[in-house]
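Chemist: Structure incoming, see below.
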Amino acid sequence: MRISTLLARNLAWYWRTNLAVLLGVATAAAVLGGALLVGDAVRASLRDLVLARLGNTDYVIARNGFFREDLAASFPSATPIVSIDGMVVHQTSGRRALSVQIYGVDPRFGPAPEGQQILLTAALAAELGAKPGDALLVRVEKPSAIPLESLHGRKEDVGKTIRLTLGTATPREFSLNPQQGDVRAAFVPLTLLEKQLGEIGKVNTILVAGGPLPDPRGAVTLEDLGIKIRTLPSSLSLETDSTLIPDALAERATVTANSLGLTTEPVLTYLANGIRANGREIPYSVVTALGTEDGITLNQWAAHDLNAKPGDTVTLDYYVWKSDGRLHTDSAQFPLARIVPTASDQTYAPEYPGISESNSLHDWDPPFPIDLHRVRPADEQYWKQYRTTPKAFIALARGQQLWGTRFGKLTSIRISPPLPSFAPALRAALDPAQMGLAVIPVKARSLAASQGATDFGEYFVYFSFFLMVSALLLTGLFFKLGIEQRMREIGVLRALGFSISKIRTVFLLEGAALSIAGAMLGLAGALAYGEVMVIGLRTWWIGAVGTRLISLHPSIASLATGALAGIATGLATIAWTLRKLEPVTPRGLLAGEQKRHSVKRPLLVGIVAALLAFILLGAALARVLDQAAAFFGAGTLLLIAALCLQSAALNRRSSAFIGGLISLALRNAAYRPGRSILCIAQIACATFLIVSVDAFRQTGDSAGTGGYRLMAESNLPLIHDPNSPAGRDALNIPPLEGVQFVPFRLRPGDDVSCLNLYQPRNPRILAPPAAFLNSAHFAFQDSVPHTANPWLSLDAPLPGGAVPAIADANSITYVLHLKLGEDFTLNQTRFRIVAALQDSLFQSELLISEKNFLRLFPDVEGYRFFLLDVPLQRTQQVTGTLEEALSDYGFDIQSTEARLAGFHKVENTYLSTFRSLGALGLVLGTVGLAAILLRNVLERRRELALLRAVGYRPSHLAAIVLAENMLLLLLGLATGTGCALLAIAPAVSSRGGQFPVASLSLLLAAVLATGIGASQAATRAALRSPLLAALRSE
Amino acid sequence: MLDVSQIAKTYPTPRGPLAILSGVSFNLRRGDAAAIMGPSGAGKSTLLYILGGLEQPTSGTISLDGRNPFALSDKDLAAFRNQSIGFIFQDHCLLPQCSVLENALVPTLVSNDNTGALDRARDLLAQVGLSDRLDHRPAELSGGEKQRVALARALINKPLLLLCDEPTGNLDQASADVVASLLLELHQRQETILIVVTHSAELAARFPLRYELRNANLHSAGA
């Protein structure tokens, strides 16, 4: 006979109790392993989506502008495409799909449309209700090298509409941006798109498959970067397609020229509406700023026309496009310094479409208003003879002061002598990335993003935490029952010479065997639990993930972790139960005696735990401690305190007179205090969870809309100010009484809200207008430093040059994983979170000041995001009017409450998940309660039989049993509810004190009903057995 | 030699300490067999459990072959019980999940030296007439048979002191006679110190030494 033999006998003999213990461990292991599998499922599914949608594309070479299609030939396995945002409209039904990715492709990409065909991904086709042969209109932003927000940028009709026919093939799901939702993409023939956009032979994207990170420096030309070098008689003229030279290019060109021993002369040429002097005026004249000479120099022609002589005051009138979306007319005055001969030199002025190629001033088609009545025959004569030869010259610095823009402060740089080696030298010196030609490791970046902003494994571990606790409590409960059942056996073993440590070892070995077996069973359970959770995420809880494309991807690591954790926690629970073995003497064990535990220890532990809990709560209320930490910490301590205090109360030898059935029931509950406390703990934990989760549910009464009823986004940028009559006129918007637009600049990027499962690598950025910062709308959770109006922090310079940014508190914490005051880097720019909005509609983006936005992203033009201040009764009418008037811009309006509801839906879905799993924990707790009740009653069959023998009716016995059970249930409910209410107090207070009393009461009533049901079931089962027969048996 | 000197045992109650034993003293040598009688609640079982090291006396000392069990550590006390004391309970206290042979061997699982344990168990079970029931479970045995297994278990480690608490209390007359005979026979063979607590005058009459526990004191009732 060996100890192993005894173990095997024990495990087999007490199989009922052991099975319950095994199932408890299996449940805990299954839940933990399953929760981890959910995390694996989400990560792996996101990764699968990335790989499927990118295909064999590893890198992307892209520019905010177009370059030679032939550049692709310089890289192995490269495919040139055009990739732009746009919208698609079903011509017949009028249904619109906005924010669609439009790809211009040819057979090098794969199966491609031909002729006038368009192919749509399945989701987009379904959205439009389009069938093969249907006519579709694709509208995209017309590429413009010249910035829209400059004088010469064409602001009207910024889009291009192309009519195409839907083909029969369904293209592959291709997307360069990681997204969990359906791919909404349209594929059009590359050459057709190039032609329609006026970019024949040019693309803006190259897809590269495999190999190392491509280096375009050897292949890219100056033309690809939008740079032109004109050879003039005695110099070179460096210019750009945009007509403006960015500061970085100007600096690099100057350094390169100087390194070759060349001299440079920077030039800024502008169009003045008029040159005035001595009561005379010359309309629409080119003026060039160069050199350092003060005052103004007129050519002979102009001086004669104005009858001006040196010393006279000359006034220049000119248009300036300002960031408020309007064309302003400004003036500047200069003393006439000199008069120079009129020499024909058109090379100072860049090529202005609509102007430079015109034969006469009357043929001009400029992107700004001109009054042709002002044009005189003499002006036409000058144009005929001299075209864009400047009529006046001012100092460069003065010109830059008047006409410099964020896009550049020069229109050309003259380099002399005209050395042929300058162009290649400049090309070698330029970093294509600085000129906007970026090489992006799109696959690596997307795969990194697929790790997810939200660790669903971690979340489901939290969600399932109380379910695991319930399972472990049940494990401990049944193991404890098993020990109690074998107390006499333990006494015999003690009498036979087994030391207490030996007995503990035997039980621990039994527990280990049960834990291991339970954990193994839990492996299968983990797969099942994980699958059910994943199905849940695809169906009932789809609000949390926004996609049905999640599937289980079991991993050995997660299963092993679940199993090991199940073994560890099961064994720990069993070991904890075994601590109580010693205090009863062997004689007492043989007699079935129960040791009365000290009252002092649980009382002390309870008081200390309560004090610590209140300290944490105080710290949370004083905002010294994070609320989530306070909730979990204080909640756990409060539960421990309550249970310890109740344990002390139950352990106290009660000599109170038993005056009736109820007091008899109370005495019974106190007879086995350990069991009673375990029951109370199970009910309390589940109740705590359900009550506290419900309190965090968003009810939609948030102030996060800032008082604005509507918000809008447009596919194409609005350049004009829709609040001004001129802007509304330019945008073709009818007068809208009482409607105010707040336009925001938008740099598209990754959604930083809980709606995006992928880790945002390149956040979406909004910039409100300066006036908005002063209006103090929206509530803030906190700011660094504390200030009455945190919006103003956006304009305050920070030490070290970090750019201040504001984001929603939810995004900061749960998606970006940052803290207030923390820095992060984006495209080599350091940003700092200076304030956190509270549950706002800005959860998808970061906000920076418009000034910083224009400095950091000069190429992003116009406004694409709007808040609309609209009277309540007119929201529907305004929505319809604006969406129709601005349909060419893809203007899409949404109510701000609907936007917030979208975010709340995710949060509430998480809470629903938490609550569902908590409810499962409650079910387990109820099972435990029912098991205990039944066990208690069965153990006391002789006692109950005796009561019957002395005249108690069955209804009396039922009342005693029910009263005992109700005590445990009500104590559990009260404990869980009370602790939850205290624990959530700081969080509820910071959210404005909302508390869903009605739904909570309903919930607790349901819990109570469940418990009563379990009690009645146990009572019925007990009373059904022949009690009187028990009197006769041993 | 078993030396019991001034053993007292009191239990605290809300109404003050309750004296179960007071000044109990006696000596027994190897080979002695004593029966202790007394009315129900007199403290017979309490005295037995104190002698067996299962319960601590309030005062007094016990010495078995010069060793005071209550001066030992818990671990040494367990080993002392395992090697020096055999216990038989009124309701046998067999492990229901183990066979007859396994029940007899249970004490050897924690012995330092198990050599020959299996042979000893078979031999003892043969002596108590259960050699053909070795694989049977307790549920398949009669009351008397169970008590015979308990007897074999108690003697497996050749203890010096054999303590029996109402060994025939739950048995019919025939079974009781068999058990009592076996008890005395095996006691003689192994030369243990045998102490039996009983309220059966018939059983007590078979013992050379008889004591009566009355008013917390042990009185000789004849030899």
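The values are calculated or read from the model by the stated rules, or taken from the named source; none is laboratory data. What you see is a predicted model, and the numbers here were worked out from it, not measured in a lab. Backbone-built Cβ (ideal geometry, glycine too); neighbour counts: all protein chains shown. For accessibility, only protein heavy atoms count, side chains too; no ligands or nucleic acids. Shrake-Rupley method; radii C 1.70, N 1.55, O 1.52, S 1.80 Å.
Chemist: Averaging over every viewing direction, what projected area does the convex hull of the Cα atoms of segment A:818-973 cover, in nm²?
Modeler: The number I arrive at for segment A:818-973 is 18.8 nm².
Chemist: Mind checking the mean number of beta-carbon atoms from other chains within 10 Å of the Cβ atoms in A:485-491?
Modeler: If you average over the peptide's residues, the count of other-chain Cβ atoms is 2.
Chemist: On to the next question. Which is farthest toward the positive dipole end of segment A:886-946 among A:VAL927, A:THR913, A:LEU938, measuring Cα position about the Cα centre, with Cβ charges +1 (Lys, Arg) and -1 (Asp, Glu)?
Modeler: Sorting the options by dipole projection puts first A:LEU938.
Chemist: Here is a follow-up. If you take the beta carbon distance between A:ASP330 and A:LYS819 as r and set R0 to 35 Å, what does 1/(1 + (r/R0)^6) give as a FRET efficiency, to the nearest 0.05?
Modeler: 0.15
Chemist: Now, a different point. Could you work out, for segment A:824-895, what percent of all Cα-Cα pairs fall into each 5 Å distance bin, beginning at 0 Å and stopping at the bin that holds the largest distance?
Modeler: 3, 10, 18, 18, 17, 15, 10, 7, 2, 0
Chemist: How much accessible area does A:LYS142 have with a 1.4 Å probe, in Å² rounded to the nearest 10?
Modeler: About 80 Å², ignoring ligands and nucleic acids.
Chemist: Further question: Report the equivalent ellipsoid semi-axes for segment B:1-134 in whole Å, largest first, defined as the square roots of five times the eigenvalues of the gyration tensor built from alpha carbon atoms.
Modeler: That gives 31, 18, 15 Å for the three semi-axes.
Chemist: Ranked from the most accessible area to the least, with a 1.4 Å probe and all protein chains present, what is the order of A:TRP15, A:TRP791, A:TRP540?
Modeler: Order by accessible area, largest first: A:TRP540, A:TRP15, A:TRP791.
Chemist: Gap in Å between the Cα centre of segment A:548-578 and the Cα centre of segment A:101-134?
Modeler: When both Cα centres are located, 47 Å separates them.
Chemist: Counting only the heavy atoms of the protein chains, how much of B:CYS98 is accessible to a 1.4 Å probe, in Å² to the nearest 10?
Modeler: 0 Å²
Chemist: Output the relative contact order of chain A, whole-number percent, from Cα pairs under 8 angstrom with separation of 6+ residues.
Modeler: Worked out over chain A, it gives 15 percent.
Chemist: A follow-up question, please. Does segment A:91-232 come out rounded, prolate or oblate by the C-alpha gyration tensor, with a ≥ b ≥ c the root eigenvalues, rounded set by a/c under 1.5 and, if not, prolate when a/b is larger than b/c and oblate if not?
Modeler: oblate
Chemist: May I ask you to derive the relative contact order of segment A:143-216, considering only C-alpha pairs under 8 Å and at least 6 residues apart, and to give it as an integer percent?
Modeler: Across segment A:143-216, relative contact order equals 18 percent.
Chemist: Rounded to the nearest 20 Debye, what is the dipole magnitude of chain A about its Cα centre when Lys and Arg each give +1 and Asp and Glu each give -1 at the C-beta?
Modeler: 6440 debye
Chemist: What accessible area per residue comes out for the protein assembly as shown, rounded to a whole number of Å², with a 1.4 Å probe?
Modeler: 41 Å²
Chemist: In debye, nearest 20, what is the charge dipole magnitude of chain B about its Cα centre with +1 on Lys and Arg Cβ and -1 on Asp and Glu Cβ, if you could check?
Modeler: 460 debye
Chemist: If amide H atoms are built 1.01 Å from N in the plane of the peptide, which residues on other chains or at least 5 residues away come under 5 Å of the amide H of A:SER412?
Modeler: A:VAL267, A:THR269
Chemist: Work out, step by step, the length gained on full extension between A:ALA145 and A:LEU549: first 0.36 nm times the residue separation, then minus their alpha carbon distance; give nm to one decimal.
Modeler: Stretched out fully, the A:ALA145 to A:LEU549 stretch lengthens by 141.4 nm.
Chemist: If you don't mind, another one. Kirkwood hydrodynamic radius, computed over distinct alpha-carbon pairs, for segment A:21-168: how many Å, to one decimal?
Modeler: In segment A:21-168 this quantity evaluates to 19.3 Å.
Chemist: Measure off 7 Å from each Cα along the Cα-to-Cβ vector at A:ASN762 and B:THR58, then give the distance between these two points in nanometres to one decimal.
Modeler: Modelled inter-label distance: 8.8 nm.
Chemist: I would also like to ask the following. Give or take rounding to whole Å, what are the principal axis extents of the alpha carbon atoms in segment A:343-445, in descending order?
Modeler: 62, 37, 28
Chemist: Between A:SER323 and A:ARG830, what is the FRET efficiency for a Förster distance of 30 Å, r being their Cβ-Cβ separation, to the nearest 0.05?
Modeler: 0.80
Chemist: Right, another one. Can you pull the percent of segment A:837-906's accessible area that's carbon plus sulfur, 1.4 Å probe, other chains left in place?
Modeler: Roughly 45 percent, rounded to a whole number.
Chemist: At 7 Å along the Cα-to-beta-carbon direction for both A:THR263 and A:ASP157, put a label point, then send me their distance in nm to one decimal.
Modeler: Here the modelled spin labels are 4.6 nm apart.
Chemist: Can I ask one more? Could you give the length gained on full extension between A:ALA169 and A:ALA12, defined as 0.36 nm per residue of separation minus the Cα-Cα distance, in nm?
Modeler: Length difference between fully extended and current span is 50.0 nm.
Chemist: For segment A:203-264, take the convex hull of the Cα atoms, compute a quarter of its surface area, and give me that in nm², please.
Modeler: Taking a quarter of the hull surface, the average projection is 6.0 nm².
Chemist: Separation of segment A:222-247 and segment B:1-54 by C-alpha centroid, Å?
Modeler: Here the answer is 115 Å between Cα centres.
Chemist: Could you check the simple spin-label distance between A:ALA779 and B:SER131, using points 7 Å along Cα→Cβ, in nm with one decimal?
Modeler: 9.1 nm
Chemist: Taking the Cα centre of segment A:685-784 as origin, work out the dipole magnitude from +1 charges on Lys and Arg Cβ and -1 charges on Asp and Glu Cβ, in debye rounded to 20.
Modeler: Here segment A:685-784 has a charge dipole of around 200 debye.
Chemist: Something else: Beta carbons within 10 angstrom, averaged per residue: use that to sort the peptides A:248-259, A:182-193, A:63-74, highest first.
Modeler: Top to bottom by mean Cβ count within 10 Å: A:182-193, A:63-74, A:248-259.
Chemist: Could you run the Karplus curve 6.51 cos²θ - 1.76 cosθ + 1.60 with θ = phi - 60° over segment A:722-728 and give me ³J(HN,Hα) per residue in whole Hz, x for Gly and Pro?
Modeler: Ordered by residue, 3J(HN,Hα) equals x, 7, 9, x, 5, x, 5 Hz.
Chemist: Would you pull out the residues with amide H under 5 Å of A:ASP312's amide H, same chain only if 5 or more places away, H placed 1.01 Å from N?
Modeler: Residues meeting the criterion, in which the H sits 1.01 Å from N, are A:LEU336.
Chemist: Averaged over its residues, how many other protein chain Cβ atoms are within 10 Å of peptide B:43-55's Cβ atoms?
Modeler: Mean partner-chain Cβ count within 10 Å for B:43-55: 3.
Chemist: Restricting attention to the alpha-carbon atoms of the protein assembly as shown, what are Rg (one decimal) and Dmax (integer), both in Å?
Modeler: 46.1, 158
Chemist: Using the Karplus equation 6.51 cos²θ - 1.76 cosθ + 1.60 (θ = phi - 60°), what ³J(HN,Hα) coupling, rounded to whole Hz, does each residue of segment A:825-834 give in order, writing x for Gly and Pro?
Modeler: Per-residue couplings from phi come out as 10, 9, 6, 6, 10, 8, 10, 10, 7, 9 Hz.
Chemist: Give the residue from A:PHE466, A:MET487, A:ALA428 lying farthest towards the positive end of the charge dipole for segment A:423-548; charges sit on Cβ (+1 for Lys and Arg, -1 for Asp and Glu) and the dipole is referred to the Cα centre.
Modeler: Most positive-ward Cα: A:MET487.
Chemist: Amide H of A:PHE780: which non-local residues (sequence gap of 5 or more, or other chain) have their own amide H closer than 5 Å, using H built in the peptide plane?
Modeler: Amide H to amide H, under 5 Å and 5 or more residues apart or across chains, A:PHE780 pairs with A:GLN838.
Chemist: For A:TYR671 and A:GLN451, what is the calculated FRET efficiency with R₀ set at 56 Å and r taken between the beta-carbons, to the nearest 0.05?
Modeler: Efficiency, rounded to the nearest 0.05: 0.55.
Chemist: Using a 1.4 angstrom probe on heavy atoms only, work out the carbon and sulfur share of the accessible area of segment A:129-174 in %.
Modeler: 52 percent
Chemist: I would also like to ask the following. Tell me, what HN-Hα J-couplings in whole Hz come from the Karplus equation 6.51 cos²θ - 1.76 cosθ + 1.60 at θ = phi - 60° for each residue of segment B:12-19, using x for Gly and Pro?
Modeler: Values per residue, Gly and Pro as x: x, 10, x, 9, x, x, 10, 7 Hz.
Chemist: Only bridges with both residues in the protein assembly as shown count here: give the DSSP antiparallel percent, nearest 5.
Modeler: The antiparallel proportion sits near 75 percent.
Chemist: Okay, moving on. Averaged across B:86-95, how many Cβ atoms of other chains sit within 10 Å of each residue's Cβ atom?
Modeler: Across B:86-95, the average partner-chain Cβ count within 10 Å equals 4.
Chemist: For segment A:486-508 and segment A:855-915, write down the distance between their C-alpha centroids in whole Å.
Modeler: Segment A:486-508 and segment A:855-915 have Cα centres spaced 71 Å from each other.
Chemist: Along the charge dipole of segment A:757-846, Cβ charges K/R +1 and D/E -1, which of A:ALA809, A:GLN838, A:ALA767 sits furthest on the positive end?
Modeler: In segment A:757-846, that residue is A:ALA767.
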